[in-house]
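Working notes, beginning with the structure itself.
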Amino acid sequence: MLLTGDIAAGRGHLDQAIALYDQAEHRPLATRFGQDVGVAALSYRSFALWLLGYSEAALRDADDALRNAREIGQAATLMYVLNHAPISYALCGNYVAAAAQAQEQVALAEEKGALSWKAIGMMNQGSVLALTGSASDAIDMLISGLATYQTTGAKLHTPLHLPHLVRAYAELGQFEEAWRCIGEAMTAVETTKEKWCEAEVHRVAGEIALKSPEPDAAKAQAYFERALAVARAQQAKSWGTARSDEPGAPLA
């Protein structure tokens, strides 16, 4: 429900799951189900809380998920949280922590031969590079990560990472590539129904329309209005207040 854009309802189910979680009873089940369910719930509730405007609570959940995963000591659970926590930290603007966790994810996944987790770690690394102004390195990392990820058949979170590739291309003046990636991101949102970051895709499209060699203010305004409409419908306060140069700042 969270990923398809019903954020408040998704958060409600995650709250219930976390309330029902019993460490003594449920931690031993991690090896049966792939990863610890408490860590998984905290990881996704962190996304929900940030989207709903509670960034401090989102960081607490990300911190708790990472601490619990390290206590459990199971590689699959740790890789799971190292996939998700960098996204939460990047959304909240803590790029140093996000970069460190993504780097740890890539190293651990490589050690374990976990191709999918390594690819996600690379995409997280590339997204942080894009957000911190290292456009050329971001493009290399994101393209490599996305290509590796696609070989597994997985598509989850690609609508989140593609806008960062868009920003990196635009920073280098490669607007044709930027618009191509915007199209890919919009197609991914529609085909996968992963709509929780739909507002951000449209916001970045508006940003590119303004930065293009021939700026189109009307086109940009249409994208920004669509972004706000989607964010309001989803109650995604953080996407609804984001502007082009700083996550979480007012659009207006």
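The values are calculated or read from the model by the stated rules, or taken from the named source; none is laboratory data. If you're wondering where the values come from, they're calculated on a predicted model, not measured in any experiment. Cβ placement follows ideal geometry from the backbone for every residue including glycine, while neighbour counts extend to all protein chains displayed.
Of note:
- Count - residues of segment 1-59 that are touching a residue at least 40 places away in the same chain (Cβ under 8 Å) and within 23 Å of the chain's Cα centre (by Cα): 23
- Residues that are buried (at least 16 other Cβ atoms within 10 Å of the Cβ) and hydrophobic (A, V, I, L, M, F, W, C) within segment 8-17 comprise 14, 17, listed in sequence order.
- Among residues of segment 139-157, those that are closer than 25 Å to residue 190 by Cβ and either among the aliphatic types (A, V, I, L, M) or surrounded by fewer than 19 Cβ atoms within 10 Å (Cβ to Cβ) (or both), counted: 13
- Residue count for segment 136-180 satisfying the condition of being within 18 Å of the chain's Cα centre (by Cα) and closer than 13 Å to residue 211 by Cβ: 3.
- Condition check for residue 31 on (1) surrounded by 23 or more Cβ atoms within 10 Å (Cβ to Cβ); (2) at pLDDT below 95; (3) hydroxyl-bearing (Ser, Thr, Tyr): one failure, at (1).
- The one condition in (1) surrounded by fewer than 24 Cβ atoms within 10 Å (Cβ to Cβ); (2) in contact with a Ser or Thr (Cβ under 9 Å, 6 or more places away or on another chain) that residue 114 fails to fulfil: (2)
- Selection of segment 224-252 for residues being modelled with pLDDT of 95 or more, buried (at least 21 other Cβ atoms within 10 Å of the Cβ) and not hydrophobic (A, V, I, L, M, F, W, C) yields only 234.
- The set of residues in segment 90-111 being surrounded by fewer than 20 Cβ atoms within 10 Å (Cβ to Cβ), part of a helix (DSSP H, G or I) and under 14 Å from the mean Cα position of the chain (by Cα) consists of 95 alone.
- Filter pass, residue 45 being touching a helix residue (DSSP H, G or I) at 6+ places or on another chain (Cβ under 9 Å), farther than 23 Å from residue 192 by Cα, at pLDDT 95 or above and among the charged types (D, E, K, R): no
- Verdict on residue 120 being surrounded by 15 or more Cβ atoms within 10 Å (Cβ to Cβ), over 21 Å from residue 238 (Cβ atoms), of a type in the set (Val, Ile, Thr) and at pLDDT 95 or above: yes
- Considering (1) touching a Lys or Arg at 6+ places or on another chain (Cβ under 7 Å); (2) more than 28 Å from residue 178 (Cβ to Cβ); (3) surrounded by 16 or more Cβ atoms within 10 Å (Cβ to Cβ), the lone condition that residue 44 does not fulfil carries the number (1).
- Pairs where the first residue, in segment 84-100, is aliphatic (A, V, I, L, M) and the second is surrounded by fewer than 24 Cβ atoms within 10 Å (Cβ to Cβ) and outside any helix (DSSP H, G or I), C-beta under 7 Å, 6+ apart: 91/247
- Filtered by the rule that a residue be in contact with a Leu (Cβ under 8 Å, 6 or more places away or on another chain) and outside any helix (DSSP H, G or I), segment 146-155 gives a lone residue, 152.
- Evaluation of residue 61 against (1) out of contact with any helix residue (DSSP H, G or I) (no Cβ under 9 Å at 6 or more places or on another chain); (2) buried (at least 20 other Cβ atoms within 10 Å of the Cβ); (3) not aliphatic (A, V, I, L, M) (one fails), failing number: (1)
- Qualifying residue in segment 166-185 (condition: among the hydroxyl-bearing types (Ser, Thr, Tyr), in contact (Cβ under 8 Å) with a residue 24 or more places away in the chain and crowded, with 20+ Cβ neighbours inside 10 Å): yes
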